[in-house]
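Engineer: The structure is given below, and queries will be raised subsequently.
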Amino acid sequence: MERTIGPAVAKDRQPYQSVYALERGLRIIEILSQKGWTRPGKLAGLTSIDRSSTYRLLSTLIGAGYVVKRDSDGSYALSSKIGLLADGFIQTDLAAQIAAPFLEQLTSEISWPSDFAGLIGGEIVILESTHRVSPLSIHRAMVGKRRSLVNSSLGQAILSVLRKEELETVLSLVTRQGGPDAGVASSRSVIGQIVRDVRQRGYAAAVGAEEGKRVGAIALPVRAPNAVIGAINIIFFHSAMTTNEAAERYLPQLRKCANDIAKALASAPALHHAGHSLDET
C-alpha cells in the first residue's frame, strides 16, 4: 500500500514515497529498449526482478499496449505505441533542460532574470526562464509565453543568425500566418536593417513596457552545429540602465552563457543526431 510522507520530511527527500511497481515496470521498458526481443528469464536477470513479478509486469505492459509477445519463442519487445512517449519529448524540451542550469548560473551572478526561447512555427516561445528565482523580476510564470519575432531582443537575435534560405522560409511563414509581426516580416528591407543592426552591434536589444514599467533586454543567439536552437536574454528595468549600459556590464556573462549552452547542446546525443533545425518552421 502506498504511503505518503508528511510535510515534516527532510528537504532532501521526495514528498511522496516512490511507487515500486512503476519503477520496476520502467526498468523493464529500459532493458527492452536496449536489447529488443528478450525472454522473461533473461529479462528477470537483467532487471534484478524476480521471475514471477517479471511475468506480471510484462502482462500489465501488454495490456496497456506498450509490450508485445512473440509466440514462437516466448520473447517480449516494445510495441510501436512506445513511440507516443518518445514523440512527446521533442527536441525543444531537451534544449530547455540543457539551458536551465546555465541560465540559473547567469542570474545568480547578475541578479537580473534571463529567458531561453526557441523559434517554433514562426513564433518566439520562451522555453525556460529564471524569472521565478530572480529577486529583480516582476513576473514568475514566463515559460510558454510568446514574444515578437521582429520587435523582441530574442526574436531579433535569432533572425540575425538565420541563413538566407532559413530567413526567407521563416519570414514567408510569418507573413502567411498574419498576426502582429506579419507587416514587418513582409518588408525585406526592414528585416534586413534589423539583421544588420544586430550584427553590427554584436547583440540584439529592445525596450518595451510591462505592467507599467519600461523594461529593456539584450539577447544573443544560441546555435548548435546543425541548427539555430534559440536565443537567451537578460531583462532589466530601463530606469536602472540603458541597453548600451546593460551590454557594457553584462555582455561578457551573456556571451559565456550562450557559448556554454551551445557546447552542451552540441554534445547531447539526441540533438547531435537530429540533423534538423529546432525552429520547426
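The values are calculated or read from the model by the stated rules, or taken from the named source; none is laboratory data. Remember, it's a predicted structure, so these values are computed and weren't measured experimentally. Cβ coordinates were reconstructed from backbone atoms using ideal geometry, including for glycine residues, and neighbour counts include every protein chain displayed. Side chains included, ligands, DNA and RNA excluded: accessible areas come from the protein's heavy atoms. Shrake-Rupley method; radii C 1.70, N 1.55, O 1.52, S 1.80 Å.
Engineer: In the full protein assembly as shown, how much of Phe237 is accessible to a 1.4 Å probe, in Å² to the nearest 10?
Structural biologist: 50
Engineer: What figure in square angstrom, to the nearest 10, would you give for the accessible area of Arg146 with a 1.4 Å probe?
Structural biologist: Spelled out: Arg146, probe radius 1.4 Å, area about 130 Å².
Engineer: Compute the signed sum of charges (Lys and Arg +1, Asp and Glu -1) over the other residues within less than 13 Å, Cβ to Cβ, of Ala204.
Structural biologist: +3
Engineer: Amide H of Ser75: which non-local residues (sequence gap of 5 or more, or other chain) have their own amide H closer than 5 Å, using H built in the peptide plane?
Structural biologist: Arg70
Engineer: A further question follows. Highest mean first, how do 182-189, 105-112 rank when packing is the count of other Cβ atoms within 10 Å averaged over residues?
Structural biologist: The densest-packed peptide leads the list: 105-112, 182-189.
Engineer: Given labels modelled 7 Å from the Cα in the Cβ direction, how far is it in nm from Lys81 to Arg201?
Structural biologist: Inter-label distance under the simple model: 5.2 nm.
Engineer: So how do Val19, Val222 rank on accessible area, 1.4 Å probe, biggest first, that is with the largest at the start?
Structural biologist: Sorted by accessible area, descending: Val19, Val222.
Engineer: Enter the accessible area of Leu26 (Å², nearest 10), with the probe set to 1.4 Å and all protein chains included.
Structural biologist: 90
Engineer: Using 26 Å as the Cα-Cα cut-off, could you pick out the over-long pairs in Lys164/Lys213; Lys145/Lys213; Lys35/Lys69; Lys164/Lys263; Lys81/Lys145; Lys213/Lys256?
Structural biologist: Lys164/Lys213; Lys81/Lys145; Lys213/Lys256
Engineer: Now a separate question. If you count, for each residue, the other Cβ atoms within 10 Å and average over each peptide, how do 150-158, 136-144 line up from highest to lowest?
Structural biologist: Ranking, from highest mean packing down: 150-158, 136-144.
Engineer: Right, next: Out of the GluC sites (Glu not before Pro) in the range 150-257, which ones are loop residues according to DSSP with at most 14 other C-beta atoms within 10 Å?
Structural biologist: Taking the range 150-257 and a limit of 14 other Cβ atoms within 10 Å, the loop GluC sites (Glu not before Pro) found are Glu211.
Engineer: Can you work out the FRET efficiency for the pair Lys42 and Val19, with r the C-beta to C-beta distance and R0 = 30 Å, to the nearest 0.05?
Structural biologist: For R0 = 30 Å, the calculated efficiency reads 0.75.
Engineer: Enumerate the calculated ³J(HN,Hα) couplings along the range 107-113 in order (Karplus 6.51 cos²θ - 1.76 cosθ + 1.60, θ = phi - 60°), each rounded to whole Hz, writing x wherever the residue is Gly or Pro.
Structural biologist: So the J values, rounded to whole Hz, are 5, 5, 7, 10, 6, 5, x.
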